[in-house]
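The values are calculated or read from the model by the stated rules, or taken from the named source; none is laboratory data. If you're wondering where the values come from, they're calculated on a predicted model, not measured in any experiment. Don't worry about glycine lacking a Cβ; one is built from the backbone with ideal geometry, like all the others, and counts go over all protein chains shown.
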Amino acid sequence: MYLVADINVEICAAKSCKLCTQYCPEANTILYSEEMGKDKGFKYGSAYVAVDRCKGCAQCVWVCDNMAKNNAIKMIMIDQLPKAALTDNITYGEKSTTAVLVSPTV
Amino acid sequence: MSLDYVKFANGFEKFMPKEYRDMVEHGPFGKKVSVSQMGSFKEILEEHPMCAGCAMTLFIRLAMIAVPNPEDTIMVGTAGCGRLAISQAAIPFVYGNYGDQNGVASGLSRGLRLRFGDKPKDVVVMAGDGGTADIGFQQVLHSWFRKERFTTIMLDNEVYGNTGGQESGMTTRGAVLKMAPLGKKFEKMDMLQMAKVAGCAYVATVVPNNPRRVESVIKKAVLIAREVGSTYIQAYTSCNIEYAIPTDKVMEDAKTVENDRYQFSEYVSDEAKQYLAERYGYKEFLPKPAAPAGAIPNKA
């Protein structure tokens, strides 16, 4: 098993700084969805991780903890994640993306 | 070269991978995107084999977003880590022999001007510190002295990272590396001064811990290279393997190095300032309005 980044939607949707999307070295790995926080009553959307592309470097964790000071990202073993986004289930829209969350391990 | 080169041939759409379809339909081609929109559009860069947490990858990712017209751009590179990611993008990539990237780019840039005339076609060289300052040094300097109109970007990780950690001209004095155990005995080469002496119209240093600055610097450099002359960007992109930086501390290291020896600096020639202001409306380079007659100067 290996570590991947996991973003806490409740903290992220309350702040929505989008810094992690700009500092991830991998392309299209940390994505932003305007709808992700809406169902929980938050004003903004949330960032999320396409776990099949995450290499587990934890740069986003440092950025979230030290630059944004939100502490919303943690590294988690992939089999401990009940549901996560995978590239195949991500749809791009005009200004945002939507993801259907599924179990990352089969 | 046009927008058509990324589109599907008739009937092939359903056979293309999802990533390719996303890129054609929701990629940055033909529209303006910026780093503030990252995470909401499909990027040109795809998955690549570079190390986890590599700052060079982050810089390349930002650079791919920053180029003003990705559909009219050709990247030129050479041996080194960078080509592993640059080649995995939907921008044509020319892989020169080690060190000849600026020679290849000179010919390419001239050829594109002959073929397409005034229509801007951008050539961007992205090579490591070994390719730019050591092995390709002669061709780099000559292309600058000839005022070839393309952008040279040095991905400066201060080591030959791809081959096990030998010292390069850009390694700092005293640095001890796996294949340079006695420590480097000479100073880091001052490529910025050399670029200015050689007549580059735009010279800048940048560190990828400020994505907006990276974007702005690359945009300016590519636009100036269209008509004014050579442009040079030197980017600090640490090698977390050879310098043993924990991957989650890469940005902390970038900040430390920025404060130590990589402060942001930007040199823009007068001609380039005038060009950016007149052609692309850069307000900071517009001539300051003269004080109206009879105005009382402020006293300090």
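For this structure, a couple of remarks:
- Pairs where the first residue, in the range B:96-120, is over 16 Å from B:Thr231 (Cβ atoms) and the second is at pLDDT below 90, C-beta under 7 Å, 6+ apart: B:Val104/B:Gly96
- Tally of residues being more than 8 Å from chain B (Cβ to nearest Cβ), assigned to a strand (DSSP E or B) and either buried (at least 23 other Cβ atoms within 10 Å of the Cβ) or under 10 Å from the mean Cα position of the chain (by Cα) (or both) across the range A:1-59: 9
- Unique residue being on the phi < 0 side of the Ramachandran plot, away from chain A (no Cβ under 14 Å), out of contact with any Gly (no Cβ under 9 Å at 6 or more places or on another chain) and buried (at least 19 other Cβ atoms within 10 Å of the Cβ) when the list is B:Met75, B:Met64: B:Met75
- Single unsatisfied condition, A:Thr29 versus (1) out of contact with any Pro (no Cβ under 6 Å at 6 or more places or on another chain); (2) farther than 19 Å from B:Ile44 by Cα: (2)
- Members of the range A:77-91 found to be away from chain B (no Cβ under 12 Å) and surrounded by fewer than 15 Cβ atoms within 10 Å (Cβ to Cβ), listed by number: A:Met77, A:Asp79, A:Gln80, A:Pro82, A:Lys83
- Residue count for the range A:29-64 satisfying the condition of being out of contact with any Asp or Glu (no Cβ under 6 Å at 6 or more places or on another chain), of a type in the set (Gly, Ala, Ser) and in contact (Cβ under 8 Å) with a residue 12 or more places away in the chain: 6.
- Residues located in the range B:44-61, provided they are more than 22 Å from B:Thr152 (Cα to Cα) and buried (at least 23 other Cβ atoms within 10 Å of the Cβ): B:Gly53
- Sole residue being touching a Leu at 6+ places or on another chain (Cβ under 7 Å) and over 26 Å from B:Ile224 (Cβ atoms), chosen from B:Gly161, B:Gly165, B:Gly128, B:Gly183: B:Gly165
- Selection count, the range B:111-150, where residues are in a helix (DSSP H, G or I) and not aliphatic (A, V, I, L, M): 16
- Residue match in the range B:191-203 (condition: within 20 Å of B:Glu266 (Cα to Cα), of a type outside the set (A, V, I, L, M, F, W, C) and free of Cβ contacts under 8 Å to residues at least 12 places away in the same chain): yes
- Residue in the range B:6-21 that is of a type in the set (A, V, I, L, M, F, W, C) and surrounded by 19 or more Cβ atoms within 10 Å (Cβ to Cβ) present: no
- Test: A:Glu94 is within 14 Å of chain B (Cβ to nearest Cβ), over 30 Å from B:Lys255 (Cα atoms) and not in a strand (DSSP E or B): yes
- Tally, over the range B:1-54, of residues that are touching a Ser or Thr at 6+ places or on another chain (Cβ under 6 Å) and closer than 20 Å to B:Glu71 by Cα: 2
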